[in-house]
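Trainee: Dropping the structure in here first, questions after.
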Amino acid sequence: DQGRNLHANAEADSQNPVDPPKVEEKLGAVPNGLSTDSDVAKREAESISKRSLRSNAEKFEFQAEVSRLMDIIINSLYSNKDIFLRELISNASDALDKIRFLALTDKEVLGEGDNTKLDIQIKLDKEKKILSIRDRGIGMTKEDLIKNLGTIAKSGTSAFVEKMQTSGDLNLIGQFGVGFYSVYLVADYVEVISKHNDDKQHVWESKADGAFAISEDTWNEPLGRGTEIRLHLRDEAGEYLEENKLKDLVKKYSEFINFPIYLWASKEVDVEVPTDEDESSDEEEKTESSSEEEEESEKDEDEDAEEKKPKTKTVKETTYDWELLNDVKAIWLRNPKEVTDEEYTKFYHSLAKDFSDEKPLAWSHFTAEGDVEFKAVLFVPPKAPQDLYESYYNANKSNLKLYVRRVFISDEFDELLPKYLNFLKGLVDSDTLPLNVSREMLQQHSSLKTIKKKLIRKALDMIRRIADEDPDEAKANDKKDVEDASDDEKKGQYAKFWNEFGKSIKLGIIEDATNRNRLAKLLRFESTKSDGKLTSLDQYISRMKSGQKDIFYITGPNKEQLEKSPFLERLKKKGYEVIFFTDPVDEYLMQYLMDYEDKKFQNVSKEGLKLGKDSKDKELKESFKELTKWWKGALASENVDDVKVSNRLDNTPCVVVTSKYGWSANMERIMQSQTLTDANKQAYMRGKRVLEINPRHPIIKELRERVVKDPEDASVKQTAHLIYQTALMESGFMLSDPKDFASRIYSSVKSSLNISPDATVEEEEDVEEPEPETETETETEKKESSKDDTDTDPSNAKDEL
Ligand SMILES: Nc1ncnc2c1ncn2[C@@H]1O[C@H](COP(=O)(O)OP(=O)(O)OP(=O)(O)O)[C@@H](O)[C@H]1O
């Protein structure tokens, strides 16, 4: 539909093609100084006048989002305009990758002669202020041009526009898949000439004024196949016409492009040119006169020949030739020992299109040998992308590039890593996978399973190494080799990793049963003893009390709230460490993480907490039997399963605990906040509730006395109910009937203020309703009219009213 609309639009506008570019006059005026072929220059000059006359260009409007993006770019004060070149080269390289991939199964697509050369060519025209970048990649059909460069907003467009408005950082443009538009940082008019095997050559052009035009290209040199982007540079972007500037930029940004990048570069060379005629005749004369003085007889035939030789001199001349700017080196094929940290960092930046100054947190470069052979480089980025966990289960977002024998195959291969490791960036190059099969067949290939397994291992090792090399971690582990690990750069790196990607590790524990234990080792959290720092399960175990069997934890919305939880009272007092889990995902995590190193996990707000045997336990239980039985009966309407004597309380009279496999109070809270949770499931999964009482607490002791005295006492029943509701709240539950709770509180307040329970609310006096305004006036008038009689001030009358 969109296509149709555009065409309709184009027809309506066909009488009014895109305005001729501002730079046209300049273009037409000067002959092409760089061109090696004067015919080409002539043709180009012709084309320019043709273009302004062109009536067959179809005009299109940019999609609104794209238009907005271009507007931002063209008006941007962003100082690093260099990035456009990186984006264009990256697009050219992608296009070359695509044709190379197609050629694997069909050699014909490459064509013959120069068309088979998979390279990128950069050319400058100082006179006309044009910078052009040409590739022999896959090219674009007319439909591709319409779709890719303007009409269909990519998913990243609005995200990028938003990001730009807040951060102003254009550097990220490549990550959002809208890199092409960065050309308008330096150009005010851009032509994209493209030839795809399935279509004729077309020209796309736009001045970024909301519209673009496309015409069949009948005037430019045929490209054979591929794309040429011609940037008509703005006056202030003259620096991009300097060869040295371009060489530097290619070195800086495009070092890891796997295709040769050439620049049409000038060179000063010495050339022998014939000397002028005047000069030569003078010289000849001199020679002749001197030779007259010589003996004539000495002249022979040889000398005659020498005299006829043309005279030359050496002069400097500028010539142009293609100069190769990059050495196409695949970093992953090199020996890891020979690759420097700086090279890895740069490689990461180019892979991830992340051109911030930050280093990756870690990398792993290895070769796998055996049945399945491959080389891989994996990186842990310094930061998680904002949308890492958005639509985690639906999005296919593998960040590994797959190569087969140096040929780029795909960067959308989900089979290489599990979802939870999607945050890694990197590359895999396999010699075992077949080259000449379709992507679909490759996806089924049995070697992929082995590759995946090895990649996961290596990835988890790499993450563990961040911790091992972090001096903060070594200190926390009381490791003796702290000295060895005292590298400042590594300090605090694991905490950084954890803050960015901790959730992924938790998701891994949930999803990857095979590696659950390995992942659990990477888990970090705060606890009652971690002193505001992160700690690990191994550290927890090393601090466990003798006789302690379980690993204790508690879940809740935040640490501050949990620290005050009644569930921790006695555990803290007795010196047990309790882990705080405060991320909603932790509730799910703990459904999968049952044990670690033979220790079971125990939620301290759930049933089953054992703190070693207390000899008085049985006695206490017995002596409170009457109360617990009575209380259970009194709470019959409240869905309480049982009332028991607690072993976890110190200062609090009672708490409500849940059954082992039901939801915790925290989970109930989480589920209630999820709009789409099924109410039936909620009722079903809700943990059974048990009221646990503190046998040493005065309130509980007094309650026992009263119950023994008169089990039917209504005020005791009322108090017991109120205590239960208060315990529910303190234990993290939401009250199902807050009104009931409030009225119980008020009746209790009444009694503490010695107000009779029957005291009622004072009736409001019957106050006359204010009359509507017109009536009021009449009334006022009435009063005013009688003021003489009553001697009333009229303002008083108003007040009365
Ligand atoms: N030189 C080229 N050859 C063939 N197609 C190209 C070329 N340059 C751009 N395209 C097409 O235009 C699309 C838009 O390019 P753009 O740079 O805006 O985004 P992208 O390349 O998808 O993302 P990124 O900038 O992250 O690489 C590309 O996806 C590609 O299909």
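The values are calculated or read from the model by the stated rules, or taken from the named source; none is laboratory data. Everything quoted here is computed from the prediction, not taken from an experiment. Every residue, glycine among them, receives a Cβ derived from its backbone with ideal geometry; neighbour counts consider all protein chains shown.
Trainee: Among the listed residues I72, I99, which satisfies the condition of being among the aliphatic types (A, V, I, L, M) and either closer than 25 Å to L233 by Cβ or at pLDDT below 90 (or both)?
Mentor: Answer to the selection: I72.
Trainee: Every residue in segment 75-109 that is away from the ligand (no atom under 15 Å from the Cβ), part of a helix (DSSP H, G or I) and touching a residue at least 24 places away in the same chain (Cβ under 8 Å), please.
Mentor: L104, T105
Trainee: In segment 215-234, how many are of a type outside the set (F, W, Y) and away from the ligand (no atom under 14 Å from the Cβ)?
Mentor: 10
Trainee: Could you check K207 against (1) out of contact with any Gly (no Cβ under 8 Å at 6 or more places or on another chain); (2) within 15 Å of the ligand (Cβ to nearest atom) and say which number it fails?
Mentor: (2)
Trainee: A further question on this structure: Within the group Y184, Y189, which residue is crowded, with 22+ Cβ neighbours inside 10 Å, assigned to a helix (DSSP H, G or I), modelled with pLDDT of 80 or more and more than 10 Å from the ligand (Cβ to nearest atom)?
Mentor: Y184
Trainee: Also: Restricting to segment 539-556, name every residue that is in a loop (DSSP other than H, G, I, E, B) and either crowded, with 21+ Cβ neighbours inside 10 Å or at positive phi (or both).
Mentor: First, pick out the residues of segment 539-556 that are in a loop (DSSP other than H, G, I, E, B): 543-549, 556.
Selection gives G547, G556.
Trainee: Among the residues of segment 122-139 satisfying the criterion of being closer than 11 Å to I229 by Cβ and not basic (K, R), which is nearest to the ligand (Cβ to nearest atom)?
Mentor: Step by step, filter segment 122-139, then rank; the result is D135.
Trainee: Mind listing whichever residues of segment 164-181 are near the ligand (Cβ under 9 Å from one of its atoms), in contact with a helix residue (DSSP H, G or I) (Cβ under 6 Å, 6 or more places away or on another chain) and in a helix (DSSP H, G or I)?
Mentor: Those that are near the ligand (Cβ under 9 Å from one of its atoms), in contact with a helix residue (DSSP H, G or I) (Cβ under 6 Å, 6 or more places away or on another chain) and in a helix (DSSP H, G or I): I173, G174, F176, G179, Y181.
Trainee: For segment 32-41, check the following and say yes or no: at least one residue is of a type in the set (G, A, S), away from the ligand (no atom under 16 Å from the Cβ) and at pLDDT 85 or above.
Mentor: No.
Trainee: Continuing with this model, one more query. For segment 332-377, how many residues meet the condition of being within 16 Å of the ligand (Cβ to nearest atom) and in a loop (DSSP other than H, G, I, E, B)?
Mentor: Here the count works out to 4.
Trainee: List pairs: first in segment 154-178 and within 19 Å of R86 (Cα to Cα), second more than 10 Å from the ligand (Cβ to nearest atom) and β-branched (V, I, T), Cβ under 8 Å, 6+ apart or cross-chain?
Mentor: Note: pairs meeting the criteria are M164/I72; L170/I73; L170/I83; N171/I83; I173/I83; G174/I83.
Trainee: How many residues does segment 140-159 contain that are within 10 Å of the ligand (Cβ to nearest atom) and part of a helix (DSSP H, G or I)?
Mentor: Number of matching residues: 8.
Trainee: How many of the residues in segment 80-124 are within 20 Å of A265 (Cβ to Cβ) and surrounded by fewer than 17 Cβ atoms within 10 Å (Cβ to Cβ)?
Mentor: Number of matching residues: 2.
Residues checked against (1) crowded, with 19+ Cβ neighbours inside 10 Å; (2) outside any strand (DSSP E or B); (3) under 53 Å from the mean Cα position of the chain (by Cα):
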{"site": "L691", "(1), (2), (3)": "yes, no, yes"}
{"site": "R706", "(1), (2), (3)": "no, yes, no"}
{"site": "E712", "(1), (2), (3)": "no, yes, no"}
{"site": "Q718", "(1), (2), (3)": "no, yes, no"}
{"site": "H721", "(1), (2), (3)": "no, yes, yes"}
{"site": "A727", "(1), (2), (3)": "yes, yes, yes"}
{"site": "L735", "(1), (2), (3)": "no, yes, yes"}
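Trainee: List, please: which pairs have Cβ atoms under 8 Å, are six or more places apart or on different chains, and start with a residue in segment 227-238 that is within 23 Å of D199 (Cα to Cα) and end with one that is more than 16 Å from the ligand (Cβ to nearest atom) and assigned to a strand (DSSP E or B)?
Mentor: R230/I130
Trainee: Kindly indicate which of K353, K375 is of a type in the set (K, R) and touching a strand residue (DSSP E or B) at 6+ places or on another chain (Cβ under 6 Å).
Mentor: Details: K353 fails: touching a strand residue (DSSP E or B) at 6+ places or on another chain (Cβ under 6 Å).
Unique residue meeting the criteria: K375.
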